[in-house]
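The values are calculated or read from the model by the stated rules, or taken from the named source; none is laboratory data. Everything quoted here is computed from the prediction, not taken from an experiment. Here Cβ is always computed from backbone atoms with ideal geometry, including for glycine, and neighbour counts include all displayed protein chains.
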Amino acid sequence: MTHQPTGHGRMTPALLPVPTPALLLDALREAAAVAAEVIRDRARRRESIVWREKAATDFVSEIDTTAEARILEVLLGRVPGAAILAEESASTLAAERRARGVTFVVDPLDGTTNFLHGVPEYAVSIAALVDDELVAGVVLQVPRDEWYTATRGGGAWCNGRRLQVSTIAEPGRALIATGFPFMHGDDLERYIGQMRRLMTHTAGLRRPGSASLDLAGVACGQFDGFWENRLAPWDIAAGILLVREAGGIVTDLSGAPCLVATTSLLAANPAMHQWLIERLR
């Protein structure tokens with residue numbers, strides 16, 4: 001079912017040109033900065049935050065919804081009529097709508113559980129697609145004020161430093177990030193098998209708790225790979241572009257190109273990608 005909140009799902013007016021990737025990135029940065037203000041303000045008063053379970057072990061707080069509303073206000077002010085795919089308010093969007101014009105993909109607070117417990121590993125993640133192709137992305141690590149940005153063909157950057165994936169090719173030296181199946185217990189045995197195969201052949205596994213930051217970690221060479229068996233589009237959209245523009249490879253676990261959809265995902269440097277595919281299938 002197509003979810004089209006008022007003002008979010010209309011076609012971009014035909015007479016308005018599609019903004020360039022640079023202009024879209026500027027809009028993403030403005031929106032992320034506004035959301036970060038909301039998050040930082042409430043981080044100082046964390047004990048009073050109201051939060052609830054969307055599903056078992058999947059939490060949403062008033063911060064998520066407030067930050068998302070502020071993000072959408074900025075983005076739709078900059079690109080009227082753009083489509084929205086957002087975790088809290090517009091979680092479905094018909095494929096034919098995404099194929100036309102600008103779509104923004106929004107996670108206002110990736111790592112909500114970390115935030116609620118005072119773990120400083122959470123981010124604002126926003127991407128822009130034009131005709132269903134990723135063209136700009138921002139992942140803002142809020143506690144450290146680290147701005148990971150990318151535009152298609154323009155490279156990936158963090159606070160003015162160009163990013164490049166690692167060159168590690170030996171599995172025994174590779175550090176791999178992942179996420180646990182906290183919502184999908186039926187996938188637990190598969191994860192245990194995957195982790196067993198990797199733990200015995202790599203330098204180690206890490207589970208920071210924010211997929212967008214895991215992907216940023218691959219883009220900047222902190223991690224040599226990252227996989228997860230089931231992720232939502234807002235978890236991965238900006239991060240996919242970061243890794244690609246930093247020279248990495250992003251696929252699903254079958255090796256097919258990774259779409260901005262609910263999917264499995266493997267991101268890695270070129271030297272490690274095939275080795276990981278063979279052990280994660």
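Scanning the range 232-276 for residues that are of a type in the set (A, V, I, L, M) and modelled with pLDDT under 95 yields Ala232, Leu259, Val260, Ala261.
Within the option set Trp147, Trp227, Trp234, Trp157, being part of a helix (DSSP H, G or I) and either aromatic (Phe, Trp, Tyr) or in contact with a helix residue (DSSP H, G or I) (Cβ under 9 Å, 6 or more places away or on another chain) (or both) holds for one residue only, Trp234. Scanning the range 132-169 for residues being exposed (fewer than 13 other Cβ atoms within 10 Å of the Cβ) and either more than 22 Å from Leu259 (Cβ to Cβ) or assigned by TED's automatic domain parsing to the domain that holds Gln274 (or both) gives a total of 7.
From the list Asp252, Asp186, the lone residue that is farther than 26 Å from Pro19 by Cα, out of contact with any His (no Cβ under 6 Å at 6 or more places or on another chain), of a type outside the set (Lys, Arg) and without any contact (Cβ under 8 Å) to a residue 12 or more places away in the chain is Asp186.
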